[in-house]
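Taking it in order: structure first as structure tokens, then the write-up.
The values are calculated or read from the model by the stated rules, or taken from the named source; none is laboratory data. Not measured: the values here are computed from a predicted model. With ideal geometry, Cβ positions are generated from the backbone for all residues, glycine too; neighbour counts draw on all protein chains shown.
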Amino acid sequence: MARLSVDLCGLRMKNPTMLASGVLDETGKSMVAVAKAGAGAIVTKSVGREPRPGHGNPCVVELECGLLNAMGLPNPGIEAFAQEIREAKKAGVPIIGSVFGGSEDEMAGLTMAMQRAGADAVELNLSCPHARGYGTELGSTPEAVESVCRRAKQDLKVPLFAKLTPNTPSISALAVAAAHGGADGVVAINTLKGMAISTEARMPILANKVGGLSGPAIKPVGLRCVYEIYDSVEIPIIGVGGICSGRDALEYVMAGASAVQIGTAVWTEGPGVFSKVCREMLAFMEENGFKTVGELVGVAHAGGR
Ligand code: SIN
């Protein structure tokens, strides 16, 4: 009998799917609802030190191949968000607090605040491609990634994950740096920097002009990144980018992911996508004689790492 449960850096998950940061994760209640729908863990909306309104509208464009967003990291600030974490904990699945900051000190402070609020792990957003002063601006070089991870990990007791950008010449160099800095795992990938133009208005559609592309269009990029990272680090990889089905999730696992995150498909299909993905993964495992997800991690690397 196959089972989907996984242990990710000590986080016990009933299945390897997580809600990716940014969709239905702004309130404790919505996070509980997504967990009830089947997610094995929840990543919160990225939270900063102060309340932030984000970019103006339009901030999301629906494309045939996915979504382009430039929300601009809107959030109520860590102090107010701590209450949402406490509410989310009622879900009974690991809650991973996502944080963004403009400096190492700010990131480290937010990381500790997330731990105090009860988060079971922290995800450093080092990869938002369009918020000036944040995200990729702290995560685009191996030196910066290593340093911010080391500082954030200093007094942290819960696992630390670094969410990496694909908008780089070498994502594996960033993953190696995160591991050197003490990250317990890496999350790959955040969105690809892109643009959509209205031919009628003859201007970019997003108020911010550029945004992050997510959804099915980026799955091949995400898979390539996870595959490359798996060859470079020993720490677990959480795969994200365009997962809509059990087969998509299994592709990420075979590339080297120990768990996966789903975001855009929650927007397009609703939270029911988690139970669908899990059902399809389990059916594949039963049909092909795999008992645990771990047996499938990295199998696309013939001959091992
Ligand atoms: C946003 O809030 O603009 C998206 C965050 C991200 O891409 O990391």
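If you check Gly97 against the conditions, is it buried (at least 24 other Cβ atoms within 10 Å of the Cβ), closer than 16 Å to Ile42 by Cβ and not charged (D, E, K, R)? Judged against the criteria, Gly97 is a match.
Within region 155-208, the set of residues being among the polar types (S, T, N, Q) and more than 20 Å from Ser140 (Cα to Cα) comprises Ser198, Thr199, Asn208. Just for region 157-215: of the residues that are of a type outside the set (A, V, I, L, M, F, W, C) and touching a Cys at 6+ places or on another chain (Cβ under 6 Å), which one is farthest from the ligand (Cβ to nearest atom)? Ranking the candidates gives Gly182 first.
Of all the residues in region 190-214, those that are without any contact (Cβ under 8 Å) to a residue 12 or more places away in the chain and in a loop (DSSP other than H, G, I, E, B) number 4. For Ala82, indicate whether it is closer than 24 Å to Glu269 by Cβ, more than 14 Å from the ligand (Cβ to nearest atom) and modelled with pLDDT of 95 or more. Criteria not met by Ala82.
Pairing each residue of region 152-168 that is closer than 25 Å to Leu192 by Cβ with any residue that is crowded, with 21+ Cβ neighbours inside 10 Å and modelled with pLDDT under 95, provided the two are 6+ apart or on different chains, yields C-beta distances under 6 Å for Thr165/Thr136. Here Tyr252 meets the list (1) touching a residue at least 40 places away in the same chain (Cβ under 8 Å); (2) closer than 25 Å to Gly10 by Cβ; (3) in a helix (DSSP H, G or I); (4) touching a Leu at 6+ places or on another chain (Cβ under 8 Å) almost entirely, failing just condition (1).
What number of residues within region 53-67 are surrounded by 17 or more Cβ atoms within 10 Å (Cβ to Cβ) and either closer than 22 Å to Phe274 by Cα or within 11 Å of the ligand (Cβ to nearest atom) (or both)? Let's see the steps before the verdict.
Residues of region 53-67 that are surrounded by 17 or more Cβ atoms within 10 Å (Cβ to Cβ), as a first pass: 55, 58-59, 61, 66-67.
Subset that is either closer than 22 Å to Phe274 by Cα or within 11 Å of the ligand (Cβ to nearest atom) (or both): 55, 59, 66-67.
Summing the residues that are surrounded by 17 or more Cβ atoms within 10 Å (Cβ to Cβ) and either closer than 22 Å to Phe274 by Cα or within 11 Å of the ligand (Cβ to nearest atom) (or both) in region 53-67 gives 4.
Every condition in (1) of a type in the set (A, V, I, L, M, F, W, C); (2) within 27 Å of Leu192 (Cβ to Cβ); (3) away from the ligand (no atom under 13 Å from the Cβ) holds for Cys128 except the one numbered (3).
What's the total number of residues in region 68-79 that are more than 10 Å from the ligand (Cβ to nearest atom) and either under 30 Å from Val6 (Cβ atoms) or in contact with a His (Cβ under 7 Å, 6 or more places away or on another chain) (or both)? Reasoning before the result, please.
Filtering region 68-79 for residues more than 10 Å from the ligand (Cβ to nearest atom) gives 68, 76-79.
So of that shortlist, the ones also either under 30 Å from Val6 (Cβ atoms) or in contact with a His (Cβ under 7 Å, 6 or more places away or on another chain) (or both) come out as 78.
Residues meeting the conditions: 1.
Would it be correct to say that Met71 is under 19 Å from Val148 (Cβ atoms), in contact (Cβ under 8 Å) with a residue 12 or more places away in the chain and either surrounded by 16 or more Cβ atoms within 10 Å (Cβ to Cβ) or in contact with a Phe, Trp or Tyr (Cβ under 6 Å, 6 or more places away or on another chain) (or both)? Write out each step before concluding.
Values: under 19 Å from Val148 (Cβ atoms): no; in contact (Cβ under 8 Å) with a residue 12 or more places away in the chain: yes; either surrounded by 16 or more Cβ atoms within 10 Å (Cβ to Cβ) or in contact with a Phe, Trp or Tyr (Cβ under 6 Å, 6 or more places away or on another chain) (or both): yes.
Answer is no for this residue.
Kindly check whether there is at least one residue in region 4-24 that is over 15 Å from the mean Cα position of the chain (by Cα) and within 11 Å of the ligand (Cβ to nearest atom). Scanning region 4-24 turns up no residue that is over 15 Å from the mean Cα position of the chain (by Cα) and within 11 Å of the ligand (Cβ to nearest atom).
Give the residues of region 276-305 that are part of a loop (DSSP other than H, G, I, E, B) and either under 23 Å from the mean Cα position of the chain (by Cα) or surrounded by 14 or more Cβ atoms within 10 Å (Cβ to Cβ) (or both), sorted by residue number. I'd like the intermediate steps shown before the answer.
Within region 276-305, the first condition is being part of a loop (DSSP other than H, G, I, E, B), and the residues that meet it are 289-292, 297-305.
The answer is Phe290, Thr292, Val297, Gly298, Val299, Ala300, His301.
The combined condition, being part of a helix (DSSP H, G or I), farther than 27 Å from Ala33 by Cβ and away from the ligand (no atom under 16 Å from the Cβ), is not fulfilled by Val221.
Which members of region 1-21 meet the condition of being of a type outside the set (S, T, N, Q), in a loop (DSSP other than H, G, I, E, B) and either in contact with a strand residue (DSSP E or B) (Cβ under 6 Å, 6 or more places away or on another chain) or at pLDDT below 95 (or both)? First the steps, then the outcome.
Our first condition is that a residue be of a type outside the set (S, T, N, Q); within region 1-21, this holds for 1-4, 6-14, 16, 18-20.
Subsequent filtering for residues that are in a loop (DSSP other than H, G, I, E, B) retains 1-4, 9-10, 14, 16, 20.
Of everything in region 1-21, those that are of a type outside the set (S, T, N, Q), in a loop (DSSP other than H, G, I, E, B) and either in contact with a strand residue (DSSP E or B) (Cβ under 6 Å, 6 or more places away or on another chain) or at pLDDT below 95 (or both) turn out to be Met1, Cys9, Pro16, Ala20.
I'm trying to understand the selection: among the residues of region 122-155, which are modelled with pLDDT of 95 or more, out of contact with any Lys or Arg (no Cβ under 7 Å at 6 or more places or on another chain) and buried (at least 24 other Cβ atoms within 10 Å of the Cβ)? Passing the criteria: Val122, Cys128, Gly139, Val145, Val148, Cys149, Ala152. Just a yes or no: is a residue in region 31-44 buried (at least 23 other Cβ atoms within 10 Å of the Cβ), under 23 Å from Thr268 (Cα atoms), among the small types (Gly, Ala, Ser) and within 16 Å of the ligand (Cβ to nearest atom)? No; the residues of region 31-44 include none that is buried (at least 23 other Cβ atoms within 10 Å of the Cβ), under 23 Å from Thr268 (Cα atoms), among the small types (Gly, Ala, Ser) and within 16 Å of the ligand (Cβ to nearest atom).
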